[in-house]
1. Roughly how many nanometres apart are two label points built 7 Å out from the Cα toward the Cβ at A172 and R26?
2. Which stretch or stretches of the range 17-47 have amide N atoms under 17 Å from the point lying 7 Å from A278's Cα along the Cα→Cβ direction?
3. Note down the relative contact order for the chain as a percent, whole number, built from C-alpha pairs under 8 angstrom at least six residues apart.
4. Per 10 Å bin, what is the whole-percent P(r) computed from every C-alpha pair distance within the chain?
5. Taking amide hydrogens as modeled 1.01 Å from N in the peptide plane, which residues meet the under 5 Å criterion relative to L66, leaving out close sequence neighbours?
6. Placing +1 at every Lys and Arg Cβ and -1 at every Asp and Glu Cβ, with all other atoms neutral, what dipole size does the chain have around its Cα centre, in debye to the nearest 20?
7. Determine, from the Cβ-Cβ distance of T52 and R164 and an R0 of 35 Å, the FRET efficiency 1/(1 + (r/R0)^6), rounded to the nearest 0.05.
8. Keeping all protein chains in place, calculate the accessible area per residue for the chain (probe 1.4 angstrom), answer in Å².
Amino acid sequence: MHPESWQLTDDLDDFLARAGRFLRSRPAPHTVPLTVTDTLRRHGLHYYGSGTPLFGTLAAADGTVLAVLTHTPPHGLCLTTVTLEQAEALAERLAGLGHRFPEVSAERDSAAAFAAAWRRRTGREAAVQRRQRLYRLGELTPPEPAPEGRPRVAGPADRELLLRWFGEFAQAMGEGPGRDAGPWADARVSYGGITLWEAADGTPLAMAGATREIAGQVRVAPVYTPAALRGRGYAGAVTAEVSRAARAAGAAEVLLFTDLANPTSNALYQRLGYREVADFAVWAFGD
């Protein structure tokens, strides 16, 4: 496979015209590029940072799209499923153009294939940073008994809380500092995309978010409980409420990712009715 088979662009509309049908053909495993490109379309190309995003498609001779990539600096490269040959061609294409990425995220085998190809092409060491599992909601089973408190959709008055919790969540996930959480909070509040679990006196105890519906799917993210409040069922309760609301609003699929290093969260989501779809991995690249 020739590296030029990968067509690269910074034009979102051009990319979606070529890749949109392919992404929508498998909305669950393609949830990240679907929601990322929808967010860029709604809020502008620099929603995630000041760098210019990169998009790419790999097509067969008849024009059928086989794989796509998205890169929204300062985040890493996101790939759909690729073969070893396709990953090698992509690594050669991107390295030849001088591109650099802090990490790659994809289904487990595809991420490993690209990481190995990137190491061969650039000499940059690669190591697994996170192993993740994508789940799809089956029959929702809310926790019984429910913990104290009640759900409430976050509003503009909750902005400072959301900024603080977003930063704490990012730190807990091992993400580097520096991203301005303001656009994220404002966008989520604009469509009711964050639900809080609060005590009877209104004290916030946990939060769960949900992406906008696109291609029939909604992804629950992020889910966060401050460290001092964990182990009391708040995360399960607020996740169940967000999942219920997504279903009630008409989502055909409700999805979420978990960190496989956290057996507590994986067990929790399975008790709520989430079932495994596929394993993903994030590989980080050294300097």
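1. Each label point is offset 7 Å from its Cα along the Cβ direction, giving 3.1 nm.
2. 19-37
3. Normalised by residue count, the contact order of the chain is 23 percent.
4. Result returned by the calculation: 6, 28, 35, 21, 8, 1, 0.
5. When sequence neighbours closer than 5 places are left aside, the close amide H contacts are L58, A59, A60.
6. About 340 debye.
7. Working: r = 30 Å, r/R0 = 0.85.
For R0 = 35 Å, the calculated efficiency reads 0.75.
8. That works out to 46 Å² for each residue.
The values are calculated or read from the model by the stated rules, or taken from the named source; none is laboratory data. Since we're looking at a predicted model, the values are computed, not measured. Neighbour counts are summed over all protein chains in view; Cβ atoms, including those assigned to glycine, are modelled from backbone coordinates with ideal geometry. Just so you know, the surface numbers come from the protein's heavy atoms only, side chains and all, with ligands and any DNA or RNA stripped out. Shrake-Rupley method; radii C 1.70, N 1.55, O 1.52, S 1.80 Å.
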